[in-house]
Every structure is written in structure tokens, then in C-alpha cells.
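S.K.: Pasting a structure here, questions to come.
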Amino acid sequence: MQATAIAHPNVALIKYWGKQDVAINLPAVGSLSLTLDGLTTRTSVFFDPEFARDEVIINGRLDEQAQPRVARCLDMLRAYVGVTDKARVTTENDFPTGAGLASSASGYAALVAAATDALGADVPADELDLIARIGSGSAPRSLHDGIVLLEKSAGPTGMHCYSVAAPGDWPLSVIVAVTTREQKSVSSTGGMEASRATSSCYQRWVETHPADLRAAIEHVEQRDFEALAELSERSCLKMHAVAMSSDPPLVYWSGATVDCMQRIRELHRSGTPVFFTIDAGPQLKAICLPEAADQVHAAMTEMPGVVEVLDCRLGYGARVEA
Ligand code: PMV
């Protein structure tokens with residue numbers, strides 16, 4: 001009744017921001033993401049009938065804050081499989097946790113993969129996505145390979161998540177400029193709910209989102225980097241416009257984030273195939289063609305306020321370790 005799985009964070013090009021139903025963590029919009037390699041979460045799950053409750057240990061520390069959500073995720077899986085044993089979950093990240101690097105996405109993807117294997121259960125992909133989603137809205141994307149589409153659907157889970165390109169189909173590089181290793185102050189769930197309730201841009205964001213998603217899929221199919229670059233930056237800035245126009249305003253950027261953004265735009269203007277995206281934290285992710293990776297890495301390293309630069313390529317979805 002024990003298994004270990006690894007998973008990687010993902011970064012969305014067409015962003016998810018807003019929940020249609022917060023109780024079941026159903027996104028209000030779809031999203032298109034890149035599953036990364038290079039950053040890894042490794043999670044072991046051990047079920048034991050003797051355990052009184054689920055226990056969560058993150059990076060060597062008992063984590064009572066994460067416990068209820070992890071337990072909810074495991075409850076869904078237990079209900080599906082028909083077992084009641086509680087579990088000890090031990091998880092390690094080799095990158096900063098809770099700092100806008102999608103450690104919750106990789107964490108819940110690895111959790112679901114390990115727990116399913118530990119229970120010896122055969123659970124359909126859509127159901128696994130649904131269980132991972134209870135942990136984090138972006139976690140289903142980390143269950144899948146390469147370039148991943150999460151679309152809303154009329155089916156029972158309300159969404160469908162699948163890979164639209166394998167890592168080798170269109171090799172892209174993602175250079176992460178880390179501007180702080182500190183935990184973020186407003187969670188994405190809190191931020192999304194604040195935006196839905198108070199931002200005058202929110203409705204427009206939801207209405208215009210499907211067209212952005214459709215166009216992005218076309219650009220991926222055509223391997224049109226320039227068109228995808230322009231659209232992705234716009235989706236990112238639109239998401240932040242919604243966050244910033246919330247009450248109270250949510251500004252996830254630091255000065256260094258903005259400086260990195262301007263530097264990426266300069267590089268792009270001078271002909272480098274690169275664009276940026278930013279999530280609910282101050283880190284900047286630069287997406288580029290592999291031949292530009294060294295140049296983009298060097299440019300980010302030189303930026304004042306950047307404490308670390310991480311190099312990623314496209315990676316595979318969560319998988320069990322032998
Ligand atoms: O999965 P959550 O609840 O942490 O939400 C992630 C939201 C963003 O990272 C800001 C955007 C996205 O689509 O990944």
C-alpha cells in the first residue's frame with residue numbers, strides 16, 4: 001500500500017483565473033499549459049489501516065495547513081476505490097514551494113499518481129483529473145505531457161484535460177527568473193474569488209477567453225511561435241489586469257518582475273524568439289525556442305533582483321517511480 005510518483009509544475013500560456021464553482025474547484029475558463037521538466041516534486045503515499053488521520057509532510061515538515069485539502073483529495077480517491085485507510089504523504093520539491101512556481105500543481109498531480117498506484121486502483125484519466133483538481137485547479141495539467149489543453153466540457157467532470165503535443169513534437173525552452181523564494185501572500189483561490197466578486201474586467205475576461213484558447217490551439221498546431229508569443233503575453237496581461245482591478249487590488253509583481261518583462265520585450269524586438277508569462281507570484285517565465293535558451297538565461301541572470309535562473313524544457317506528466 002505504498003508508492004512514489006514524480007510530477008513537474010506547469011506554466012499556462014492561456015491562463016486560468018476564476019472559478020465557476022468553488023466547492024468543486026471547477027474553473028470558469030479553460031487553459032493551455034506547458035508541463036515542464038527540470039523542476040520536480042517527488043511524493044510517496046503510504047496507506048495504513050492503523051493511521052487515525054492523513055498526515056502530510058512537505059519538505060521534511062509536518063504541514064497542517066495543507067492537510068485538509070490533501071485529505072479531501074484522498075477522500076475522493078478512497079470513495080472511488082472503496083477503501084477507508086488513511087495515508088502518510090511525504091513530498092519533496094527541488095524548487096521553491098508556494099512561490100508562484102506551481103508547486104501545488106506538481107504536488108497534487110504526484111499525490112494522485114502515487115496514491116492511485118499505492119491502492120492498486122484502475123482509475124480513468126478524467127476521474128484522476130477531477131481528483132487532482134480538488135487540490136489545485138491547475139494540477140490536472142501536470143498529469144499530462146508536453147503542451148496540455150484543459151477545456152470546459154459538458155461531461156460529468158465539467159472539463160477535459162489532455163496533451164495536444166508531446167515534449168518532442170515542438171521542443172520549447174522555459175527559463176524561470178526567480179525574484180524571490182518567499183511564499184506568496186494571497187493564494188490563487190483567494191485572488192480568483194476576489195476577482196470574480198469585485199473586478200469590473202472579470203466578465204469580459206470570461207467572455208473573451210474561449211476565442212483566445214481556440215486561437216492558441218491553432219498556433220500550436222501550426223507551430224507558429226510568433227503568433228503564440230503575442231497571444232500568450234496578452235492572456236497573461238489580461239489575467240493580471242483582472243487581478244489588479246480587484247478590490248483590494250492584487251499586484252503579484254515586484255519591480256524585478258517588471259524589469260524582466262521589459263528585458264524580454266527588448267530581446268524580442270531585437271529578433272530573439274522569446275516571450276514572457278507571469279503567474280500569481282513575482283517570478284517571470286520566459287518561453288523561447290531552444291536555440292535562444294542560452295541568451296535568455298544569460299539576460300535573466302544579469303537582471304538586478306533575480307536570485308536564481310532555472311532552465312526547463314517540456315516534460316512528461318506525473319508518473320510512478322519503479
Ligand atoms: O491551480 P491554482 O489554483 O494555483 O491556480 C493557478 C492560476 C495561475 O497560475 C495564476 C494561472 C494558470 O493557469 O496556471
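The values are calculated or read from the model by the stated rules, or taken from the named source; none is laboratory data. Everything numeric in this text was worked out from a predicted model, so none of it was measured. Ideal geometry is used to build each Cβ from the backbone, glycine not excepted, and the neighbour counts take in all protein chains shown. In case anyone asks, the SASA skips ligands and DNA or RNA and just uses the protein heavy atoms, side chains included. Shrake-Rupley method; radii C 1.70, N 1.55, O 1.52, S 1.80 Å.
S.K.: What tally of residues in the stretch 254-271 results from selecting those that are surrounded by 19 or more Cβ atoms within 10 Å (Cβ to Cβ) and more than 23 Å from Asp37 (Cα to Cα)?
M.R.: Number of matching residues: 4.
S.K.: Checking the condition at pLDDT 95 or above and not in a helix (DSSP H, G or I), which residue from Val148, Val186 passes?
M.R.: Val148
S.K.: Can you tell which of Ala105, Ala79, Ala71 is free of Cβ contacts under 8 Å to residues at least 24 places away in the same chain, in contact with a strand residue (DSSP E or B) (Cβ under 9 Å, 6 or more places away or on another chain), closer than 21 Å to Ala23 by Cβ and in a helix (DSSP H, G or I)?
M.R.: Matching residue, one of Ala105, Ala79, Ala71: Ala71.
S.K.: Something else: Being in contact with an Asp or Glu (Cβ under 9 Å, 6 or more places away or on another chain) and open to solvent by 100 Å² or more (accessible area, probe 1.4 Å) is the filter here; which residues of the stretch 64-81 pass it?
M.R.: Tyr80
S.K.: Please find, among Ala256, Ala216, the residue that is away from the ligand (no atom under 16 Å from the Cβ) and of a type in the set (Gly, Ala, Ser).
M.R.: None of the others qualify; the one that does is Ala256.
Matching residues to (1) within 14 Å of the ligand (Cβ to nearest atom); (2) more than 21 Å from the chain's Cα centre (by Cα); (3) open to solvent by less than 20 Å² (accessible area, probe 1.4 Å):
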site	(1), (2), (3)
Val83	no, yes, no
Lys86	no, yes, no
Asn93	no, no, no
Ala102	yes, no, no
Ser106	yes, no, yes
Ala109	yes, no, yes
Ala115	no, no, yes
Leu119	no, yes, no
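S.K.: Filter the stretch 272-296 for residues that are farther than 20 Å from Met239 by Cα, in contact (Cβ under 8 Å) with a residue 60 or more places away in the chain and not in a loop (DSSP other than H, G, I, E, B); which is most open to solvent (accessible area, probe 1.4 Å)?
M.R.: Pro290
S.K.: Can you name every residue in the stretch 212-244 that is over 19 Å from the mean Cα position of the chain (by Cα) and open to solvent by 40 Å² or more (accessible area, probe 1.4 Å)?
M.R.: Residues satisfying the conditions are Arg214, Glu218, Glu221, Gln222, Arg223, Asp224, Glu226, Glu230, Ala241, Met244.
S.K.: Name the single residue that is most open to solvent (accessible area, probe 1.4 Å) among those in the stretch 297-315 being touching a strand residue (DSSP E or B) at 6+ places or on another chain (Cβ under 7 Å) and of a type in the set (Asp, Glu).
M.R.: Per the criteria, the residue is Asp311.
S.K.: For the stretch 34-61, name all the residues that are free of Cβ contacts under 8 Å to residues at least 12 places away in the same chain and either closer than 27 Å to Gly120 by Cβ or in a loop (DSSP other than H, G, I, E, B) (or both).
M.R.: Hit for the stretch 34-61 is Glu50, nothing else.
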